Amino acid sequence: MLPIPMTGGRVAGRPVQATAIVMVEMLESYPIWWQEIDAPPPAEWVFMFEDFTGDDTAEQWALAAAIFIAQTRRRTTAGPTFAELFTYLLPDTDGLPGPLPRNLDFIQRRRAVAGFRGHAAIEWRRRGMISFDNGVMRSLRVGREFRERSRRRQQAREAARHPGKTERERLVEPADTDAITERES
């Protein structure tokens, strides 16, 4: 506990100098995804969260997450769960950055896992790579930025296949009339 000096205000309209000593208990500063948990977060969790959300590496993790979500939706028409997504991203540790402290009860363990995954996903959603609805199972889907990148990539691939033609020329390219005539006969 640290003493914090405070000054008084006005008494009967006159400024008064007074000092009170107030004792404030300083709780350890835990990350936002590790709230209401008694023990400090493990170092592996802190480092992995920084890797998932840091300026240098978040874009690659967000892209990997979006690709997995797109593949899952293409295969099953439903989005993956957060557990499936993070198990894909962290396969060696079953979707967790590392072991949890043994002294955590069930509720604290669930809160830690959900907070970690949820806040990493929020960062990727801010970047426009993924999207999801809170409280809705299997609502993970690709975001606007991912769709725009995918569209540009497909257009570049198509342009490489047909060099020298504009997009409009490729779209209205005449059909192979010899092949059509041959099939009809």
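Computed from the coordinates by the stated procedures, all read-outs in this text should not be read as laboratory data. Please read these numbers as outputs of a predicted model, since none were measured by experiment. Please note: Cβ atoms are built from the backbone with ideal geometry, for glycine as well, and neighbour counts cover all protein chains shown.
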Karplus-derived HN-Hα couplings along the stretch 139-155 (A = 6.51, B = -1.76, C = 1.60, θ = phi - 60°), whole Hz, x at Gly and Pro
9, 4, 8, 6, x, 4, 4, 5, 4, 5, 4, 4, 4, 4, 5, 5, 5
Stretched fully, the stretch from A83 through D105 gains (0.36 nm per residue minus C-alpha distance, one decimal, in nm) 6.0 nm
Let's test the formula: R0 of 45 Å, r as the Cβ-Cβ distance of A156 and F47. What FRET efficiency results, to the nearest 0.05?
0.80
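Counting Lys and Arg as +1 and Asp and Glu as -1, what is the net charge of the other residues whose Cβ lies under 15 Å from the Cβ of L96?
Result for the local shell: 0.
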Determine ³J(HN,Hα), in whole Hz, for all residues of the stretch 32-48 in sequence, where each value follows from phi through the Karplus function 6.51 cos²θ - 1.76 cosθ + 1.60 and θ = phi - 60°; x replaces Gly and Pro.
4, 7, 10, 9, 6, 10, 5, 8, x, x, x, 4, 4, 5, 5, 5, 5
Under 13 Å, Cβ to Cβ, from T76 - net charge with Lys/Arg +1 and Asp/Glu -1:
+4
In the neighborhood of E44, defined by Cβ-to-Cβ distances under 13 Å, what is the net charge if each Lys or Arg adds +1 and each Asp or Glu adds -1?
-3
Extended-chain gain in nm, criterion 0.36 nm per residue less alpha-carbon gap, D38 and T76
9.7 nm
